[in-house]
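Report on the following structure.
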Amino acid sequence: MLLKRILSAGLLYTILLSGVAFGQTAAPKVYEAPKETIDKIRQEGLQRSQVMQTLSYLTDVIGGRLTNSPNMKRANEWTRDEMKKWGMQNAKLEAWGPFGRGWSLKSFSAEVNSPQLIPVIAYPKAWSPSTKGAVTSEVVLFEAKTDADFEKYRGRLKGKIVLVSGIRPLKAQENPLSKRHSESDLEKMASAPAPDNSNSNQFSPDAIKNILNYFNKQARQMKFLMDEGAAVMIDSSSQGSGGTIFVQGASLAIELSPNLKTIEDLFNDAGFQPQRKGAEANMMPQVTLATEDYNRIARMIKLGEKPTMTVNVQVQYHDDDLMGYNTVAEIPGTDPNLKDEVVMLGGHLDSWHSSTGATDNAAGCAVAMEAARILIASGLKPRRTIRVALWSGEEQGLYGSTYYVKQHLGEMKDGKLVKGADYDKISAYYNLDNGTGRIRGVYLQGNAAVKPFFETWLKPFSDFEAKTLTLSNTGGTDHLSFDAIGIPGFQFIQDEIEYDTRTHHSNQDNYDRIQAEDMKQAATIMAAFVYQTAMMDEKLPRKAVK
C-alpha cells in the first residue's frame, strides 16, 4: 500500500481524498444473479482454486517487484501470458510515464567486525547507489537535532559509516501481531457517517510545515554527510522488532520545494524521486538496520567503544526503458448493446524490494486474476467486458493507475472534470490492496446509492462473515484514481492479519504470511461482485461531479 510508512513520523497522510465534491444520482434497479450462478462461482473459487499457485509464482519465483526493475517487467509479462492462457483476450502491457530508472541489488553484506564479530539484519534502500567496494570503517553515531549541531561532526566523517537515527526503545509485544476485525469494529464502520469530501488534496498549512521540516532536515543531513565524505548512511527500521525491518526508497540530498501543496506536488518533486536518472549524484549509499542491531551498536558507541563495520552494497541501475507498464487483459462482453462498457478489477503488481511483496500486493493481484479465472472456468458470459488491470508505480504515488485514468477516462483540471474517450463506458472499478485478510465488506467512498446493490451481493456470503458496508473513504490504494473523477471505485474491507505489524513494506512480506482460505474467499466474492456489475441493465450509480 502506497508510501504509508514514509509519512509515519508525525506527518499528515492525506492521500485519502480526491478533492471532488459529489452529489447523488438516482440508483438503477438492483440486479441479483440466480442462485445457481453464485453456486457455480463458489464451487470454482473454493474447490478448484488456483490463487495460491499464482501467488507462489509471483512471490517465490519472480520475487520482489520494484517498479521498473527486471522483476517487475517479468511479472508484467508473466501475468499477461497467464491470463491469455486462461482464455482472456486483449492481454497486453500498457506503457505509462516516463517513470524513471529501474534498480536491482546485485550483492550486499553488512556486519560488525570489531570489537567482535556481530552479524546484523539489514537491507539497502531502493535506488541507493553502490559503495566503492566493501567499506570497512569506524561507525559514528550522528546525533544532530539542529543544523547547528552539524558543526560538531565537521572533519570527523570522511570514509566513516554513519548511524543517523536515534535509539528506538522496544517494548515487550503484549498484543498479538495478528488481528481480525471484531464485530464491534465492523459495527463502527457500518455506522460511520458519510465522509466530507469538500476538502481538496491540498495539504493543510501545518501538514506542509511538517512535511517540509521532516524531509528537508533529512536532505540537509545527507548533503552534510556527502560533503564530509562519509561512506555509508545507516538508519534504524522505523518500526518492527524481532528482526523485522521496514525498508522503502532512498532519500536524496535535495530539499523539497516550499511551494508544495498537493499530493501530486509531493510525488513530482525532484527531492522525492530517487528513480530519476542521475539522482545518484544527490545520494549516498543507504542501508536500513534491524532496530535491535542498530540500538546495540549505538549503545556501544555511547559507552565509549569504537566499533567498525564492513558494508558492501552493489547495485545496478536500469536505464534502457524509463517507461512503466500496467498489465491488462479482458473477458469480452457478450451483449451487443453493452459489450463496449467495462467493469474493472485489479491491484498493484509492484512491491518494495526487501522481500517478495506477498501481502503488498501479490495477494490483491492474484485474487483479481483468480476472480477472472473463476468466471471463465464457470462458463459464465458477462454482458459487459470485464477488464483486469495490474498496476505498477503504486508504491511511488499511484502512478500506474493515475496515468491509466488520465489516458483513457479523464482528469480534473482547474477543478473541472475533463472526460476522456472511455469515461462513460466504465461501470466500476474494484480493488484489493490491504494484505492477505479475507473480505469483510466494502468501503463505499460516500456513494450511498450503491449500498442496496452491495447488500444484495453480499447476502449469499453471510457464511463468509462478509457483510459490512461503510460510507467511509479509505486511502492509499488505486481505487482513488477512479474515485477522483467520479467513477465508482471501491476497496474491499479486509481483516488486518499481520499487515501493519509485520508484513507491509518489510522483509517479512513473503508467501508464508499468506492465508490461503482468506485468498479463496476474497477471489470468490470479487468474482461475484464483478460478474453482477457486468450483468446489470445499467451501470452502477455514480457520485455526480460538481
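Computed from the coordinates by the stated procedures, all read-outs in this text should not be read as laboratory data. Being a predicted model, the structure only gives us computed values, none of them experimental. Note that we place each Cβ from the backbone using ideal geometry, even for glycine, and neighbour counts take in every protein chain shown.
About the Cα centre of segment 310-353, what is the dipole size in debye to 20, counting +1 per Lys and Arg Cβ and -1 per Asp and Glu Cβ, all else neutral?
Details: 1 positive and 8 negative charges, 37 e Å.
It comes to approximately 180 debye.
Determine the sum of side-chain charges near Phe492: Lys and Arg each +1, Asp and Glu each -1, restricted to other residues whose C-beta is under 10 angstrom from that of Phe492.
Working: positive: Arg438, Arg440; negative: Asp433.
Around Phe492, the charge tally is +1.
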Exercise. Treating the angle as unsigned and between 0 and 90°, give the value, to the nearest 10°, between the Cα long axis of helix 35-47 and the longest Cα principal axis of the chain.
Key: 30
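Given Cβ point charges of +1 (Lys, Arg) and -1 (Asp, Glu) and nothing else, what value in debye, to the nearest 20, does the dipole of segment 211-362 about its Cα centre take? All intermediate terms of the calculation are to be shown ahead of the outcome.
Working: 11 positive and 20 negative charges, 192 e Å.
For this selection, approximately 920 debye.
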Practice problem: Give me Rg over Rh for segment 335-473, both radii from the alpha carbons and Rh done the Kirkwood way, two decimal places. | Solution: 0.97
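Could you give the length gained on full extension between Ile118 and Leu417, defined as 0.36 nm per residue of separation minus the Cα-Cα distance, in nm?
Working: separation 299, 0.36 × 299 = 107.64 nm, distance 5.82 nm.
Here the segment from Ile118 to Leu417 would lengthen by 101.8 nm.
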Quiz item: By per-residue mean of other Cβ atoms within 10 Å, what is the highest-first order of 483-489, 158-164, 358-364, 81-87?
Solution: 358-364, 483-489, 158-164, 81-87
Quiz prompt | Dimensions in Å of segment 113-246 - Rg and Dmax from alpha carbons | solution = 21.0, 60
Quiz item: Residues of segment 501-539 with amide nitrogen under 12 Å from the 7 Å Cα-to-Cβ point of Tyr31?
Solution: 529-539
Quiz item: Against the longest principal axis of the chain, how steep is helix 399-408, in degrees 0 to 90 to the nearest 10, with axes from Cα atoms?
Solution: 40
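Do me a favour and compute the ellipsoid semi-axes for segment 373-440 from its Cα gyration tensor, root of five times each eigenvalue, largest one first, whole Å.
Each semi-axis is √(5λ); the values are 26, 19, 10 Å.
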Self-check item: Overall Cα dimensions of segment 310-371, principal axis frame, Å, largest first
Solution: 66, 28, 11
Self-check item: Residue-count net charge about Arg440 - beta-carbon cut-off 11 Å; Lys, Arg +1, Asp, Glu -1
Solution: -3
Quiz item: Of the listed peptides 491-501, 310-320, what is their order by residue-averaged count of other C-beta atoms within 10 Å, with the highest listed first?
Solution: 491-501, 310-320
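Placing unit charges on C-beta atoms (Lys and Arg positive, Asp and Glu negative, everything else neutral), compute the dipole magnitude of segment 60-215 about its Cα centre in debye, rounded to 20. Walk me through the intermediate numbers first.
Details: 23 positive and 17 negative charges, 147 e Å.
Once rounded to the nearest 20, the dipole reads 700 debye.
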Quiz item: What ³J(HN,Hα) values, in whole Hz, does the Karplus curve 6.51 cos²θ - 1.76 cosθ + 1.60 give for segment 135-147 when θ = phi - 60°, with x put for Gly and Pro?
Solution: 9, 10, 7, 5, 9, 10, 8, 9, 10, 10, 7, 10, 4
Practice problem: Run through every distinct alpha carbon pair of segment 60-188 and return the Kirkwood hydrodynamic radius in angstroms, one decimal place. | Solution: 20.7
Self-check item: Highest-first arrangement of 104-112, 397-405, where packing means the average Cβ count within 10 Å
Solution: 397-405, 104-112
Quiz item: Using modelled backbone amide H atoms (1.01 Å from N, in-plane), which distant-in-sequence or interchain residues come within less than 5 Å of Ile426's amide H?
Solution: Val342
Quiz item: With axes computed from alpha carbons, what is the tilt in degrees of helix 291-302 against the longest principal axis of the chain, rounded to the nearest 10 within 0 to 90?
Solution: 20
Practice problem: Specify which residue in the list Thr146, Ala126, Gly100 is farthest towards the positive end of the charge dipole of segment 73-146, using unit charges on the beta carbon of Lys, Arg (+1) and Asp, Glu (-1), about the Cα centre. | Solution: Gly100
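Taking K and R as +1 and D and E as -1, what net charge do the other residues with C-beta under 11 Å from the C-beta of Glu394 add up to? All intermediate terms of the calculation are to be shown ahead of the outcome.
Values: positive: Arg65; negative: Asp350, Asp360, Glu395, Asp433, Asp478.
Taking every other residue near Glu394 into account, the sum is -4.
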Practice problem: Using the Karplus curve 6.51 cos²θ - 1.76 cosθ + 1.60 with θ = phi - 60°, work out ³J(HN,Hα) for each residue of segment 334-340 in order, rounded to whole Hz, and write x for Gly and Pro. | Solution: 10, 7, x, 8, 10, 5, 7
Practice problem: Could you let me know the centre-to-centre spacing of segment 514-529 and segment 64-105, using Cα atoms, in angstrom? | Solution: 23
Quiz item: Which ³J(HN,Hα) values, rounded to whole Hz and listed in residue order, are derived for segment 524-540 from phi using the Karplus coefficients 6.51, -1.76 and 1.60 in 6.51 cos²θ - 1.76 cosθ + 1.60 with θ = phi - 60°, glycine and proline given as x?
Solution: 5, 5, 4, 4, 5, 4, 5, 4, 5, 4, 6, 9, 5, 5, 10, 6, 4
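In Å³ and rounded to a whole number, note down the convex hull volume per residue for the Cα atoms of segment 98-139. Please report the intermediate quantities before stating the final value.
Values: hull volume 3.8 nm³, N = 42.
It is 92 Å³ per residue.
Over all directions, the average projected area of the alpha-carbon convex hull for the chain comes to how many nm²?
On the way: hull surface 97.9 nm².
Averaging across all directions leaves 24.5 nm² for the Cα convex hull.
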Exercise. Name the residues whose placed amide hydrogens come within less than 5 Å of the amide hydrogen of Thr468, ignoring near sequence neighbours (fewer than 5 apart) on the same chain.
Key: Gly441, Val442
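With only alpha-carbon atoms in the gyration tensor, what are the semi-axes of the equivalent ellipsoid for segment 249-366, in Å, largest first? Numbers along the way, then the final one.
Values: eigenvalues 353, 87, 46 Å².
Ellipsoid semi-axes (Å, largest first): 42, 21, 15.
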